[in-house]
Amino acid sequence: MLVLLVQIVYNCFMPQKYCHFNGKITTPDKVKINPYDLGFLRGHGVFDVMSTVNGKPFLLDEHWKRFQNSAKMLGLKIPVSGGEYEKIVRKLLKSNGLKKSTIRTILTGGISLNGSTYCQNETFIIFIEKFHGLSEEVYAKGARVVTHDHERHIPTAKVCNYAEAIRHQGKKEKAGALEIIYVKNGKALEASTSNFFIVKNGKLITVKEGILIGTTRNSVIRLARKAGYKIEERDIKIKELHSADEVFLTATNKDVVPVIKIDGKKVGDGKVGKNTKVLMELFRKFTLEY
Ligand code: PMP
């Protein structure tokens with residue numbers, strides 16, 4: 001009886017059905033991570049998060065390249081080729097039958113015989129869940145963000161260590177903020193799970209180095225260039241962030257989100273910026289036609 005109850009509750013909260021675990025298709029409840037896994041014990045792992053658009057994996061090649069780069073930076077070997085990865089993802093999407101999905105891909109150093117040495121025994125998981133987007137209100141009214149002094153470890157890789165973001169969840173919630181923008185040595189870097197752009201005198205500026213290069217960021221740059229915007233990819237001073245005319249975030253699970261307050265102070269006139277609205281619309285069209 002208890003087992004049945006647990007299963008029902010589990011199915012309600014975890015509606016995903018199939019995942020890929022070390023070469024096999026299985027279900028998440030059957031995935032067993034060994035406590036000697038270096039991802040679990042030492043944070044030795046990387047991941048990537050992709051979504052679907054119109055039932056198709058969105059920007060798959062770009063995500064795969066970034067995942068390859070992240071793995072390389074941690075000295076990890078991915079056990080499948082790009083072609084095999086795509087096949088697995090498409091198979092999982094088909095069998096899970098969700099309208100819109102989030103696809104998580106994780107690679108860790110795997111089981112270590114002594115709990116600290118890498119034994120080239122990678123753990124590789126792909127799991128799919130129902131996509132949970134932001135509310136319409138966030139896009140219509142804009143979001144708040146807070147800044148926080150931090151730089152991620154190996155910032156150009158998507159390393160499985162988001163402890164700083166989770167540790168400061170309370171700070172974010174207290175401020176009613178959607179995101180934390182990391183700042184370091186006078187520069188604004190990236191948000192905890194997003195990139196950001198500032199708009200100054202009609203020009204778009206976004207960070208290029210020492211951050212995770214977002215797939216959404218790259219699409220926005222391409223779309224904006226096509227639409228005739230001038231774009232600068234360079235370091236951004238904290239002062240520039242605070243004196244921007246407009247600020248917006250970009251990320252897979254967010255698309256383009258206007259920012260109207262930073263650390264409680266208004267961005268521009270405190271309303272969703274006109275250029276931000278143009279880019280939100282361009283991105284929306286891009287996904288509709290994908
Ligand atoms: N920076 C960080 C630290 C992130 O975790 C993410 C989310 N993957 C991004 C930027 C945005 O990347 P993307 O647009 O590919 O989702």
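The values are calculated or read from the model by the stated rules, or taken from the named source; none is laboratory data. This is a predicted model, so every value here is computed, not measured. When we count neighbours, we look across all protein chains shown, and the Cβ atoms used for this are built from the backbone with ideal geometry, even at glycine.
So that you can scan it fast, the table gives a plain yes or no per residue for (1) under 20 Å from HIS153 (Cα atoms); (2) in a strand (DSSP E or B):
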position	(1), (2)
ASP29	no, no
LEU41	yes, no
ASP48	yes, yes
ARG90	no, no
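For segment 17-54, what are the residues that are of a type in the set (D, E, K, R) and in contact with a helix residue (DSSP H, G or I) (Cβ under 7 Å, 6 or more places away or on another chain)? Walk me through it before giving the result.
We begin by selecting, within segment 17-54, every residue of a type in the set (D, E, K, R); these are 17, 24, 29-30, 32, 37, 42, 48.
Selection gives LYS17, ASP29, ASP48.
For (1) modelled with pLDDT under 95; (2) basic (Lys, Arg); (3) farther than 30 Å from ASN34 by Cα; (4) in contact with a Cys (Cβ under 8 Å, 6 or more places away or on another chain), each residue gets a yes or a no:
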{"site": "HIS148", "(1), (2), (3), (4)": "no, no, yes, no"}
{"site": "ILE154", "(1), (2), (3), (4)": "no, no, no, no"}
{"site": "GLU164", "(1), (2), (3), (4)": "no, no, no, no"}
{"site": "GLN169", "(1), (2), (3), (4)": "no, no, no, no"}
{"site": "LYS174", "(1), (2), (3), (4)": "no, yes, yes, no"}
{"site": "GLU190", "(1), (2), (3), (4)": "no, no, yes, no"}
{"site": "LYS200", "(1), (2), (3), (4)": "no, yes, yes, no"}
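What tally of residues in segment 54-70 results from selecting those that are surrounded by 18 or more Cβ atoms within 10 Å (Cβ to Cβ), away from the ligand (no atom under 11 Å from the Cβ) and not in a strand (DSSP E or B)?
The number of residues fulfilling the criteria is 2.
Are any residues in segment 198-207 more than 12 Å from the ligand (Cβ to nearest atom) and assigned to a strand (DSSP E or B), and if so, which ones?
Restricting attention to segment 198-207, the residues satisfying the condition of being more than 12 Å from the ligand (Cβ to nearest atom) are 198-205.
Listed by number, the residues that qualify are ILE198, VAL199, LYS200, LYS203, LEU204, ILE205.
Out of LYS141, LYS130, LYS171, which single residue is within 17 Å of the chain's Cα centre (by Cα) and away from the ligand (no atom under 16 Å from the Cβ)? Lay out the reasoning, then the answer.
Details: LYS141 fails: within 17 Å of the chain's Cα centre (by Cα); LYS171 fails: within 17 Å of the chain's Cα centre (by Cα).
It is LYS130.
Which condition number in (1) under 22 Å from the mean Cα position of the chain (by Cα); (2) in contact (Cβ under 8 Å) with a residue 60 or more places away in the chain; (3) more than 24 Å from LYS187 (Cα to Cα) is the one that LYS271 fails?
(1)
Pull out all pairs, ordered by first then second residue, where Cβ-Cβ is under 8 Å, the residues are six or more apart or on different chains, the first lies in segment 205-218 and is closer than 12 Å to ALA191 by Cβ and free of Cβ contacts under 8 Å to residues at least 60 places away in the same chain, and the second is hydroxyl-bearing (Ser, Thr, Tyr) and more than 6 Å from the ligand (Cβ to nearest atom).
Going by the 8 Å Cβ cut-off, the qualifying pairs are ILE211/THR156; ARG217/THR206.
Could you identify the single residue in THR156, THR193 that is surrounded by fewer than 16 Cβ atoms within 10 Å (Cβ to Cβ) and in a loop (DSSP other than H, G, I, E, B)?
When all the criteria are applied, what remains is THR156.
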